[in-house]
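Scroll down for the structure; my scribbles are underneath it.
The values are calculated or read from the model by the stated rules, or taken from the named source; none is laboratory data. If you're wondering where the values come from, they're calculated on a predicted model, not measured in any experiment. Don't worry about glycine lacking a Cβ; one is built from the backbone with ideal geometry, like all the others, and counts go over all protein chains shown.
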Amino acid sequence: MKLMKQIIATIFALSLLSTPAFADACSNAARSMISGNPNAILLSVKSKQGSNGNVTCEARIKISADGKPPRIVVKKFNP
């Protein structure tokens, strides 16, 4: 029983250690996505890991245009 608890704790700890790498990948991809547009401002970036292990990123981007009110766009992508 102790061995099973140690295995579960180790797997859980390893999953926590890999999370910041996904967040950095999402953040870098979102920044590169808006770098070409001077009217775009990155508001937030979220990363979510599904049960199958795939990571999906969600970026909220504020885009302003001359004479029009700014709009907020939500883009979902894989890093």
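Side notes on the structure shown:
- Counting only residues that are surrounded by 12 or more Cβ atoms within 10 Å (Cβ to Cβ) and closer than 15 Å to A25 by Cα, the range 45-68 holds 10 of them.
- Among the conditions (1) at pLDDT below 80; (2) part of a strand (DSSP E or B), Q6 misses just one, which is (2).
- On the stretch given as the range 19-44, residues that are in a helix (DSSP H, G or I) and either at pLDDT 75 or above or surrounded by fewer than 13 Cβ atoms within 10 Å (Cβ to Cβ) (or both) total 15.
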